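Novice: I'd like to ask some things about the structure below.
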Amino acid sequence: MAKKFSALRARMTPEAQARAAARAEAMLVEMQLQELRKSRNVTQTQLAAALQVEQAAISRLEKREDMYVSTLRQYVRALGGELKLIAAFPEGDIQLHTFEPAR
């Protein structure tokens, strides 16, 4: 018989609960580009048109493990969002503006 997660969590140490909560939050924040695009109900073809590239370029981009910040910014903007870079430190987060395009 399946057990409720709340019952399992209650038996965990506070440290283990904190680690599990941090991991769950990280999993919610982490999202592949393909999942991001799909969550916005945008097809590769639609995104390619917005970025003025071929659909195959979007497919390759979504499979890449590394890319320029400017490329990622264009991708996010084409989906209607804004890319923000955050440096996370134990004492707090710092939003980076270094990669903003010159105006």
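The values are calculated or read from the model by the stated rules, or taken from the named source; none is laboratory data. These numbers were taken from a predicted model, which means no experiment stands behind them. Here Cβ is always computed from backbone atoms with ideal geometry, including for glycine, and neighbour counts include all displayed protein chains.
Novice: In the range 45-52, is there at least one residue being small (Gly, Ala, Ser), out of contact with any helix residue (DSSP H, G or I) (no Cβ under 8 Å at 6 or more places or on another chain), at pLDDT 90 or above and more than 30 Å from residue 6 (Cα to Cα)?
Specialist: Yes: the range 45-52 contains one or more residues that are small (Gly, Ala, Ser), out of contact with any helix residue (DSSP H, G or I) (no Cβ under 8 Å at 6 or more places or on another chain), at pLDDT 90 or above and more than 30 Å from residue 6 (Cα to Cα).
Novice: Return the residues of the range 77-100 that are touching a helix residue (DSSP H, G or I) at 6+ places or on another chain (Cβ under 8 Å) and surrounded by 10 or more Cβ atoms within 10 Å (Cβ to Cβ); say none if nothing qualifies.
Specialist: 78, 79, 83, 85, 99
Novice: Continuing with the same structure: Looking at the range 17-30, can you tell me whether even one residue there is closer than 30 Å to residue 97 by Cβ, surrounded by 12 or more Cβ atoms within 10 Å (Cβ to Cβ) and of a type outside the set (Asp, Glu)?
Specialist: No - not one qualifying residue is present in the range 17-30.
Novice: Still on this structure, I have one more. Out of all the residues in the range 41-64, which are within 16 Å of residue 31 (Cβ to Cβ) and not in a helix (DSSP H, G or I)?
Specialist: 41, 42, 64
Novice: It is to be established whether one or more residues within the range 65-85 are modelled with pLDDT under 95, of a type in the set (Asp, Glu) and in a helix (DSSP H, G or I).
Specialist: Within the range 65-85, none of the residues are modelled with pLDDT under 95, of a type in the set (Asp, Glu) and in a helix (DSSP H, G or I).
Okay, residues lined up against (1) within 16 Å of the chain's Cα centre (by Cα); (2) without any contact (Cβ under 8 Å) to a residue 40 or more places away in the chain; (3) under 21 Å from residue 88 (Cβ atoms):
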site: 14; (1), (2), (3): no, yes, no
site: 18; (1), (2), (3): no, yes, yes
site: 31; (1), (2), (3): yes, yes, yes
site: 44; (1), (2), (3): no, yes, no
site: 51; (1), (2), (3): no, yes, no
site: 58; (1), (2), (3): no, yes, no
site: 65; (1), (2), (3): yes, yes, yes
site: 78; (1), (2), (3): yes, yes, no
